[in-house]
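Visitor: Below: one structure in structure tokens.
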Amino acid sequence: FVKGADWFSSAGTENSKGYKLLSVSGDVERPGVYEFPMGTSIATVLDAAGATNTKAAMVGGGSGILVPTSEFDRKISFEDLSTGGSIIAFDNGRDLLNVVENIQEFFADESCGQCTICRMGNLKILEGIRMLQAGTCTTKHLNALCDLGENMRAASKCGLGQASPNLFLSVLKHFRGEVMGRVEHHRRVSERRVAS
């Protein structure tokens, strides 16, 4: 109001004008609410908050996505990373499956149950996460869960079911080797036990 619309729209990108308030938390030295011009990179935001040794950033809260460090040049904007304002940093000491399990428990509890694909899908994804944690999820089963997540995005009637698979699918997209490594470790331990 003080400086006017022209001043406000001079910041940002061509399709994302002005400034954005971002709540930055997680593994950062200076959590808080920051104001940046639209078009600011994830790296710049995390640097301002004192994030170090970061593995991934959750952009958009529990219904958002995980962005790996290799994509921290992506911009907060409607044309790239649109967010309601939440960014949570996770350093390399974090187990991303534990993070996703926590979020998935919320979605499983909060589903109203009207859509079968959401009601049962969230429970099946939560079950799959726990199988991954235990190292007992097969590649075939994991691929079926990915298909389920994509179908939930397309067929759920409301935003909860459409967004609830996002973090799970993000982890599999960017950290599949890490989570499937548990299955390989579990297999090797089982083989050693049988051999002895």
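The values are calculated or read from the model by the stated rules, or taken from the named source; none is laboratory data. Just so we're clear, the structure is a prediction, and the values are computed from it rather than from any experiment. So basically every Cβ, Gly included, is an ideal-geometry build from the backbone, and we count neighbours across all protein chains shown. Accessible surface areas use protein heavy atoms only, side chains included; no ligands, DNA or RNA. Shrake-Rupley method; radii C 1.70, N 1.55, O 1.52, S 1.80 Å.
Visitor: With Kirkwood's inverse mean 1/r over C-alpha pairs for Rh, give me the Rg to Rh ratio of the range 31-164, two decimals please.
Guide: On the Cα set of the range 31-164, Rg over Rh gives 1.00.
Visitor: Just the number, please: carbon plus sulfur as a percent of the accessible area of the chain, 1.4 Å probe, no ligands or DNA/RNA counted.
Guide: Ligands and nucleic acids excluded, carbon and sulfur give 52 percent.
Visitor: Right, next: How large is the accessible surface per residue of the chain, computed with a 1.4 Å probe and reported in Å² as a whole number?
Guide: So the chain comes to 53 Å² accessible per residue, rounded to a whole number.
Visitor: To the nearest whole percent, what portion of all C-alpha pairs in the range 1-107 is separated by more than 22 angstrom?
Guide: 32
Visitor: Kindly provide the trypsin sites (Lys or Arg not before Pro) of the range 1-52 that DSSP labels as loop, not H, G, I, E or B, and whose Cβ sees at most 15 other Cβ atoms within 10 Å.
Guide: When the trypsin sites (Lys or Arg not before Pro) of the range 1-52 are filtered for loop state and at most 15 Cβ neighbours within 10 Å, Lys3 remain.
Visitor: Something else now. Zone of Met120 (label point 7 Å along Cα→Cβ, backbone N under 15 Å): which residues in the range 151-176?
Guide: The answer is 151-152, 155-156.
Visitor: List the lysines whose alpha-carbon lies under 21 Å from that of Lys75, not counting same-chain residues fewer than 8 positions away?
Guide: Once the sequence-local lysines are set aside, what remains near Lys75 is Lys17, Lys20, Lys55, Lys173.
Visitor: Another question, if that's okay. Based on a Kirkwood Rh over C-alpha pairs, give the Stokes-Einstein translational diffusion coefficient of the range 8-55 at 4 °C and viscosity 1.567 mPa s in µm²/s.
Guide: For the chosen part, D equals 115 µm²/s.
Visitor: How large is the dipole of the chain about the Cα centre if only Lys and Arg carry +1 and Asp and Glu carry -1, each at its Cβ, rounded to the nearest 20 debye?
Guide: Its charge dipole is roughly 580 debye.
Visitor: Which FRET efficiency value, to the nearest 0.05, do you get for Leu21 and Thr139 by plugging their Cβ-Cβ distance into 1/(1 + (r/R0)^6) with R0 = 45 Å?
Guide: Approximately 0.60, to the nearest 0.05.
Visitor: Nearest 500 deg cm²/dmol is fine: what mean residue ellipticity at 222 nm does the chain get from its DSSP H runs of n ≥ 4 alone, each adding -39,500 (n - 2.57), divided by its residue count?
Guide: Result for the chain: -16000 deg cm²/dmol, rounded to the nearest 500.
Visitor: So what's the angle, to the nearest 10 degrees on a 0 to 90 scale, between helix 96-110 and the longest Cα principal axis of the chain?
Guide: 80
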